[in-house]
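The values are calculated or read from the model by the stated rules, or taken from the named source; none is laboratory data. Just so it is clear, the model here is predicted, and its values are computed rather than measured. For neighbour counting, all protein chains shown are included, and Cβ atoms are generated from backbone atoms with ideal geometry for every residue, glycine included. Note: accessible area is taken over every heavy atom of the protein model, side chains too, but ligands, DNA and RNA are not part of it. Shrake-Rupley method; radii C 1.70, N 1.55, O 1.52, S 1.80 Å.
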Amino acid sequence: MSVEWVTILMFGSMIVMLLLGLPLAFVTGLIAAVFGMALFGPKSMLLISSRIYSFMNEYVLVSVPMFIMMASIMERSGVARDLFDAMRVWAGRLPGGLAIQTMVAATIMGAMTGIIGGEIVLLGLVALPQMLRLGYDRKVAIGTICAGGSLGTMIPPSIVLVIYGLTVNVSIGDLFSANLIPGLMMSGIYMLYIFVRCRLDPTLGPAAPEHERNIPLAEKLRLLKGLILPGVVAGSVLGTIYTGIASVTEAAGMGVVGTLFAALVRRELNWSMLRASVLQTMSACGVLLWVSFGATAMIGVYNLAGGPAFVRTLMVGLGVAPIVVVLIMMGILIVLGCLMDWIGICLLTMPIFVPIIKSFGYDPIWFGVLFCMNMQISYLSPPFGPAAFYLKGVAPPEISLDDIFRALWPFMGMQLVALLIVLFFPDIALWLPSLN
């Protein structure tokens, strides 16, 4: 069978089965087994098992359950709620001040955990009722929470970066450095949009009532102590990485220690909280690893069939500038982001795309930043945007899923603008790694 037909049948059958509602892990695993047996016979099972083993044998993969554990403990300890309360009183006079504060809190939370679902749920429980109480426009409030929560894909420590680095064999520390400025830039774009819209139409984001704004300076300073524990957690992870004290895996362990210390200081640390956090961590890791097994097996069979060489020849044979090929890749990732989970997209596409990127002379670290920005878009994009479903689970009943998706379009537009900025100005991403 020619590689062209293998490509059409493999990926065509995958899309059909996904549209039928079958889990991605089992779809990719089944396709790998069927095509492996059909093309190469029983020996293909050895290939599949060896690829899965080599992926699982990566030491840095230990950081994934650590980061998930951090997020789980943070969600239950109340540290993030203290962070929001500390920020809430400082920008009450600004147009859209509470939404801007929420975005700042979301940015700091992204630097603490790198997990998205819990962040959106927490902001939906804490910030959304406050904004609705003050009369904020629903679209502004919803978009702020979902877009702010999705920053966890970019701002280190992000699990997306860890899996990308493992998949394409690049430095995860350099990926963390490269994503810092684009992540903060994205947060800044969101805040500028909120400020300008609410300045032009103050009814979209009314200021807090006078009695809530006129808090004595001493009280405002007292509330700032809520920033101390989040700072300890973020510093225990990013500080140890950027100063070279610890590797990514070791820093993830330090992050767990930091969150446990924060929970202990708040007197929230107990057996039931630890048990629930461990169970949530193991459940999330189970899903992530099964998807990894299936996608790794499928791409291994496709590699053996000559797929990457075929795709490379196809892309290069288009006769267009390399940047146009990159734009085509971005379009493919955006479409896949509407249909699949990020980890499946990463494991299925990056082993094919990144060698092409390298052949054009582009930096895979830069392409990793673009990939993370694409995955941030995928968290908001219908019909399967996870951020919308996370928020719907905690939003008031009168807010429908359709209302949430309608609110996300302006923020998706900003994500696309930021993606194009980094695409055409790579130094935004590559400046910090170049200092190492």
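Just checking the listed ones, ILE48, ILE145, ILE365: in the Gaussian network model of the chain with Cα springs under 10 Å, the one fluctuating most is ILE48. Only alpha carbons enter this Debye calculation for segment 281-347, each as an equal point scatterer, and the log10 of I(q)/I(0) it gives at q = 0.14, 0.20, 0.21 Å⁻¹ is -0.57, -0.96, -1.00. Packing around the peptides 12-23, 252-263, taken as the average count of other Cβ atoms within 10 Å per residue, puts them in this order, highest first: 252-263, 12-23. Dividing the alpha-carbon radius of gyration of segment 222-305 by the rule-of-thumb value 2.2 N^0.38 Å gives 1.53. In the assembled protein chains, TRP5 presents an accessible area of approximately 150 Å² (probe radius 1.4 Å).
Considering only SER247, SER50, SER378, the mean-square fluctuation computed in a Gaussian network model of the chain, springs between alpha carbons under 10 angstrom, is largest for SER50.
Taking Cα atoms only, the orientation of helix 364-378 departs from the longest principal axis of the chain by about 60 degrees.
Ordered by 1.4 Å accessible area with all protein chains kept, SER277, SER272 run largest first as SER272, SER277.
For the chain, the spread of Cα positions along the three principal axes, ordered from largest to smallest, is 75, 48, 47 Å. Here segment 336-436 has an Rg and Dmax of 16.2, 52 Å, counting Cα atoms alone. Helix 117-133 axis versus longest C-alpha principal axis of the chain: approximately 30°, rounded to the nearest ten.
Evaluating 6.51 cos²θ - 1.76 cosθ + 1.60 at θ = phi - 60° for every residue in segment 318-330, the Karplus couplings come out as 5, x, 10, 5, x, 5, 5, 4, 4, 4, 4, 4, 4 Hz, glycine and proline recorded as x.
Axis angle, to the nearest 10 degrees, between helix 63-77 and the longest C-alpha principal axis of the chain: 30 degrees. Treating each Cα of segment 20-80 as one equal point scatterer and applying the Debye formula with no solvent, the log10 of I(q)/I(0) at q = 0.20, 0.24 Å⁻¹ comes out as -0.86, -0.96.
In terms of solvent-accessible area of protein heavy atoms at a 1.4 angstrom probe, what is the ranking of TYR379, TYR242, TYR302, highest value first?
Working: TYR379 25, TYR242 90, TYR302 0 Å².
Ranked list, largest accessible area first: TYR242, TYR379, TYR302.
Per residue, what accessible area does the chain have, given a 1.4 Å probe and all protein chains present, in Å²? Kindly include the intermediate steps, with their values, before the conclusion.
Numbers: 18020 Å² over 436 residues.
That works out to 41 Å² for each residue.
Rolling a 1.4 Å probe across all protein chains gives PHE424 an accessible area of roughly 110 Å². For the chain, what % of the accessible area comes from carbon and sulfur atoms, probe 1.4 Å? The C+S portion of the solvent-accessible surface of the chain is 70 percent.
The phi torsions of segment 399-409, fed into the Karplus equation with coefficients 6.51, -1.76 and 1.60 and a -60° offset, translate into couplings of 8, 8, 4, 5, 4, 5, 5, 5, 6, 8, 4 Hz, rounded to whole numbers, with Gly and Pro shown as x.
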